[in-house]
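Have a look at the structure below, then the notes.
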Amino acid sequence: MQLHYGLDDLKNINFMDFLPVILPFIAIGMFLVVFALQDLYRHRKSRENILLWTIVILFVNTLGAILYFVVGRKESGRS
Amino acid sequence: MKLEIKNVAKAYKNKKVVNNFNMEMRTGECVGLIGPNGAGKSTLIKMIADIIKPDNGEIILNGTKITNMKKEIGYLPQYPAFYNWMTAKETLEFMGQLSCVKKAELTLRIPEILRKVGLHGAQNDKVGTFSGGMKQRLGIAQALLHKPSLVIMDEPVSALDPIGRREVLNIIQDIKKETTILFSTHILNDAEEICERFVVMKEGLKLEDTTTSQLIYRQNEDRLSLELATNDLVWIDIVKTLPYVKEVKVMGKRLEIMVENLSNNKKQLLSNAIEHNVDIMRFEIRRDTLEEIFLKMVVSE
Amino acid sequence: MNAGILLIKKEFVQMARDLRMVWLPIVFILLGCTQPIITYYLPTILEALGGGQGITIDSSAISQEGGEVLASTLGSQFDQLGIIILVVALMGIIQSDKSNGMLAFILTRPVSISSYLFGKVVSNYIVVVLSVTIGFFVSYLYVNSLFTMVPFSHFLIALLLYLLWVLFLVAFTLMISAIFRSQGIIALISIIFLTGCRIIVNFIPAIDVINPASLSKHASEVLATGTFNTSVIIIVFVEFIWILVLFSITNYWISLKKIDYD
């Protein structure tokens, strides 16, 4: 069984039934995004492409935040 | 301390970068390794630092192969690498412990050495924020930290701006009193300022191993330089006919005279000038500057 | 080995400062959650999506045992996105030190290549092990609450087998990172090779013994069927040999002193 559905699809249906099960999942996902954004904001002076990263982190679910941590945290102005 | 470099050779893709290089160094010396870009200085330094393996020959420190003597060597790369996320103090702690210095000793040594290189105020700043000169000074601090018996530096000042260069030269001048230093540079003035002994390299070969004073005397030709108050053409013609004068170059009021034997002929020439009542402003033995000697050596061959 | 411990400490500080210690476990927790949640709600989702279009779904056909779901956490999540994320997290493990000259610099100190590698592998592997374990454990909790119970012993055996395959992954990425210069190439080669191994497991079971990825399949089997095939012991043994070979190649490659950048 390898069918992949985004969270958007889930939200349309019987949302309340899902809530207790999905809540931790969403919470951790949100935490990662907020964590990435907070780090980006804190180091806003030494980062490049702040706007781009904000969009990536917010809209490329989870992977955007990972991408930011791996690639985006290299400070600008270094050799 | 005794460093021996025996018949060391290194080739990259059949191009000989260092070619049967021999050299010796002893405690307290400060040797400048000079040569044009691409002479193989950096490769030689890296072989001494044990970053590159020589194809041939060996490098021996105090009778032991260099690979087993890393503790005794302080190395400053051309572009010292640091972890940008570490502070200056953390960097020294890290490098010091890698060099097997005890923690207790490091807590004493680090503030002392940071003061020496003038980074005391920046000890808790991230290395990533440092300027080139500051990194170079931190590099020197790192090279001295474990009290090595030999400090080798690869182009310590070449990449720096004039201010950074001055700072680093002053520090080297200062540490020279305590350690043995071998450093490479392509800027002759730097070598001349810091050290007494030079090794000149070109295309992987050792051209010269000499001291400043030797170099000047040996390269000296029998040449006199004169400056006259007036352009006394009559006397110049007389000079040209003198038996011991080989050649006269006239540049306005200045004369350059080649003679057969400097020590005998300079007196004769001077008395000849006085006889003819020549108004002399300056009368001196003409010497090549180190730069001229260096250029001759490197270009002629 | 003193230097090795110092290097481990340094790696931990570095990983804490670049926040890898935080995001890697989180990502694996998310991966661990995904499979149970999706499987659990799949019938409902399909119903909701397909209901209007006349597709009928026998929901009993889709319902699964807890062990199977946990097995597909390994097979479908960890072995796909998980591999990619681990490789991306590890691709710079030696390459970054090499490209900024730090490796050459560290090796001018009285530090052996093996203690340098020891420091790198141990520290990074510990963080990876923690991440995978936490993620897998969260998946285990989800499965136990949404599906049938899976015995803890099965969970543990599967985890250990899987962690050995992860060690191979770390060792392989380490080697590639020591050999190549560009992070992109390192990631590409590692991901293609490792996922390739994993795919081959499904198609050519004959070479399971020498396929390093087959441990992942056996971990899944322990969960799905509850049986532990004794032939796995040989595979574990072969896996260790693979890992040792990879370490030796890495060590040898660095000892060739191809670390000089000019």
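Determine which single condition B:V168 fails, assuming it passes every other condition in (1) farther than 26 Å from C:L7 by Cβ; (2) more than 18 Å from the chain's Cα centre (by Cα); (3) among the aliphatic types (A, V, I, L, M).
Here B:V168 meets the rest and fails (2).
Look at C:L156 and say whether it is surrounded by fewer than 22 Cβ atoms within 10 Å (Cβ to Cβ) and not in a loop (DSSP other than H, G, I, E, B). Let's see the steps before the verdict.
Values: surrounded by fewer than 22 Cβ atoms within 10 Å (Cβ to Cβ): yes; not in a loop (DSSP other than H, G, I, E, B): yes.
The answer is yes for C:L156.
Just name the residue that is farthest from the chain's Cα centre (by Cα) out of those in the range C:85-120 that are among the hydroxyl-bearing types (S, T, Y) and not in a helix (DSSP H, G or I). First the steps, then the outcome.
Residues of the range C:85-120 that are among the hydroxyl-bearing types (S, T, Y), as a first pass: C:96, C:99, C:108, C:112, C:114-116.
Next, only the ones that are not in a helix (DSSP H, G or I) stay: C:108, C:112.
Numbers: C:T108: 33, C:S112: 27 Å.
Looking at residues that are among the hydroxyl-bearing types (S, T, Y) and not in a helix (DSSP H, G or I), I get C:T108.
Looking at (1) modelled with pLDDT under 80; (2) within 11 Å of chain C (Cβ to nearest Cβ); (3) exposed (fewer than 12 other Cβ atoms within 10 Å of the Cβ); (4) more than 27 Å from C:Q35 (Cβ to Cβ), which is the only condition A:Q38 fails?
For A:Q38, the failing item is (1).
Looking at this structure, is B:R137 touching a residue at least 12 places away in the same chain (Cβ under 8 Å), on the phi < 0 side of the Ramachandran plot, charged (D, E, K, R) and in the same structural domain as B:L160 (by TED's automatic domain parsing)? Spell out the reasoning first.
Details: touching a residue at least 12 places away in the same chain (Cβ under 8 Å): yes; on the phi < 0 side of the Ramachandran plot: yes; charged (D, E, K, R): yes; in the same structural domain as B:L160 (by TED's automatic domain parsing): yes.
Spelling it out, B:R137 is indeed touching a residue at least 12 places away in the same chain (Cβ under 8 Å), on the phi < 0 side of the Ramachandran plot, charged (D, E, K, R) and in the same structural domain as B:L160 (by TED's automatic domain parsing).
Can you work out which of the residues in the range C:150-173 that are out of contact with any helix residue (DSSP H, G or I) (no Cβ under 6 Å at 6 or more places or on another chain) and either at pLDDT below 90 or not hydrophobic (A, V, I, L, M, F, W, C) (or both) is nearest to C:Q95 (Cα to Cα)?
It comes out as C:S153.
Filter the range B:52-66 for residues that are at pLDDT 85 or above and in contact with a Lys or Arg (Cβ under 9 Å, 6 or more places away or on another chain) and give the result.
Residues of the range B:52-66 at pLDDT 85 or above: B:54-66.
Matches in the range B:52-66: B:P54, B:D55, B:N56, B:G57, B:E58, B:I59, B:I60, B:L61, B:N62, B:G63.
Quick one: C:T148 ticks every box in (1) among the β-branched types (V, I, T); (2) over 15 Å from the mean Cα position of the chain (by Cα); (3) buried (at least 21 other Cβ atoms within 10 Å of the Cβ) except a single one, so which number is it?
C:T148 satisfies every listed condition except (3).
Quick check on the range B:85-129: of everything there that is in a loop (DSSP other than H, G, I, E, B) and within 14 Å of chain C (Cβ to nearest Cβ), which residue is farthest from B:E72 (Cα to Cα)?
Keep residues of the range B:85-129 that are in a loop (DSSP other than H, G, I, E, B), which gives B:85-86, B:99-102, B:117-119, B:123-125.
Going one step further and asking which of them are within 14 Å of chain C (Cβ to nearest Cβ), we end up with B:85-86, B:99-102.
Numbers: B:W85: 28, B:M86: 25, B:S99: 9, B:C100: 11, B:V101: 12, B:K102: 15 Å.
Going through the qualifying residues, I end up with B:W85.
Matching residues to (1) crowded, with 16+ Cβ neighbours inside 10 Å; (2) within 21 Å of the chain's Cα centre (by Cα); (3) at the interface with chain A (Cβ under 9 Å from one of its Cβ atoms):
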residue	(1), (2), (3)
C:E11	yes, yes, no
C:A16	no, yes, no
C:L24	yes, yes, yes
C:F28	yes, yes, no
C:C33	yes, yes, yes
C:L42	yes, no, yes
C:I45	yes, no, yes
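Which one of these is β-branched (V, I, T), loosely packed, with under 15 Cβ neighbours inside 10 Å and touching a residue at least 24 places away in the same chain (Cβ under 8 Å): C:V238, C:V245, C:V209, C:V222?
Working: C:V238 fails: loosely packed, with under 15 Cβ neighbours inside 10 Å; C:V245 fails: touching a residue at least 24 places away in the same chain (Cβ under 8 Å); C:V222 fails: loosely packed, with under 15 Cβ neighbours inside 10 Å.
After applying the criteria, what remains is C:V209.
Could you check the range B:279-295 and list, in sequence order, the residues that are without any contact (Cβ under 8 Å) to a residue 40 or more places away in the chain and either charged (D, E, K, R) or in contact with a helix residue (DSSP H, G or I) (Cβ under 7 Å, 6 or more places away or on another chain) (or both)? Steps first, please.
Of the residues in the range B:279-295, the ones without any contact (Cβ under 8 Å) to a residue 40 or more places away in the chain are B:289, B:292, B:295.
Listed by number, the list holds a single entry, B:E292.
Output the residue which, of all residues in the range C:64-84 that are in a helix (DSSP H, G or I) and charged (D, E, K, R), is nearest to C:Q35 (Cα to Cα). Steps first, please.
Step one: filter the range C:64-84 for residues in a helix (DSSP H, G or I), giving C:66-84.
From what is left, the residues that are charged (D, E, K, R) are C:68, C:79.
Values: C:E68: 10, C:D79: 12 Å.
Checking each candidate, the answer is C:E68.
Without any contact (Cβ under 8 Å) to a residue 60 or more places away in the chain and away from chain C (no Cβ under 13 Å): does that describe B:N62? Explain how you work it out, then say what you get.
Working: without any contact (Cβ under 8 Å) to a residue 60 or more places away in the chain: no; away from chain C (no Cβ under 13 Å): yes.
No, not satisfied.
Answer yes or no as to whether C:I186 is within 14 Å of another protein chain (Cβ to nearest Cβ) and surrounded by 12 or more Cβ atoms within 10 Å (Cβ to Cβ). Spell out how you get there, then give the answer.
Details: within 14 Å of another protein chain (Cβ to nearest Cβ): yes; surrounded by 12 or more Cβ atoms within 10 Å (Cβ to Cβ): yes.
For C:I186, the condition - within 14 Å of another protein chain (Cβ to nearest Cβ) and surrounded by 12 or more Cβ atoms within 10 Å (Cβ to Cβ) - is met.
Pick out the one residue from B:N261, B:N231, B:N272 that is surrounded by 14 or more Cβ atoms within 10 Å (Cβ to Cβ) and out of contact with any strand residue (DSSP E or B) (no Cβ under 8 Å at 6 or more places or on another chain).
Numbers: B:N261 fails: surrounded by 14 or more Cβ atoms within 10 Å (Cβ to Cβ); B:N231 fails: surrounded by 14 or more Cβ atoms within 10 Å (Cβ to Cβ).
After applying the criteria, what remains is B:N272.
B:N14 passes all but one of (1) out of contact with any Lys or Arg (no Cβ under 6 Å at 6 or more places or on another chain); (2) within 26 Å of B:V157 (Cα to Cα); (3) exposed (fewer than 14 other Cβ atoms within 10 Å of the Cβ); which number fails?
(2) is the only condition that B:N14 fails.
Check B:V239, B:V259, B:V278, B:V299 and return the single one that is at pLDDT below 80, of a type in the set (V, I, T) and more than 17 Å from the chain's Cα centre (by Cα). Break it down into steps so the answer makes sense when it comes.
Values: B:V239 fails: at pLDDT below 80; B:V259 fails: at pLDDT below 80; B:V278 fails: at pLDDT below 80.
The unique qualifying residue is B:V299.
For the range A:51-79, give me each residue that is more than 13 Å from chain C (Cβ to nearest Cβ), in contact with a Lys or Arg (Cβ under 8 Å, 6 or more places away or on another chain) and at pLDDT 85 or above.
Across the range A:51-79, the qualifying residue is only A:W53.
Identify, from the list B:M47, B:M69, B:M25, the residue that is within 14 Å of chain C (Cβ to nearest Cβ), surrounded by fewer than 23 Cβ atoms within 10 Å (Cβ to Cβ), modelled with pLDDT of 85 or more and under 23 Å from B:I140 (Cα atoms).
Values: B:M47 fails: surrounded by fewer than 23 Cβ atoms within 10 Å (Cβ to Cβ); B:M25 fails: within 14 Å of chain C (Cβ to nearest Cβ).
Every option except B:M69 fails the conditions.
Here are C:G66, C:G101, C:G119, C:G135: which of them is of a type outside the set (D, E, K, R) and surrounded by fewer than 21 Cβ atoms within 10 Å (Cβ to Cβ)? Before the answer, list the steps.
Details: C:G66 fails: surrounded by fewer than 21 Cβ atoms within 10 Å (Cβ to Cβ); C:G119 fails: surrounded by fewer than 21 Cβ atoms within 10 Å (Cβ to Cβ); C:G135 fails: surrounded by fewer than 21 Cβ atoms within 10 Å (Cβ to Cβ).
Criteria check complete, one pass: C:G101.
Just give me the residues in the range C:138-153 being touching a Leu at 6+ places or on another chain (Cβ under 8 Å) and assigned to a helix (DSSP H, G or I), in sequence order.
To start, the set of residues in the range C:138-153 that are touching a Leu at 6+ places or on another chain (Cβ under 8 Å) comprises C:139-140, C:143, C:150.
Scanning the range C:138-153 gives C:S139, C:Y140, C:V143.
The values are calculated or read from the model by the stated rules, or taken from the named source; none is laboratory data. What you see is a predicted model, and the numbers here were worked out from it, not measured in a lab. All Cβ positions, even for glycine, are placed from backbone atoms using ideal geometry, and neighbour counts span all protein chains on display.
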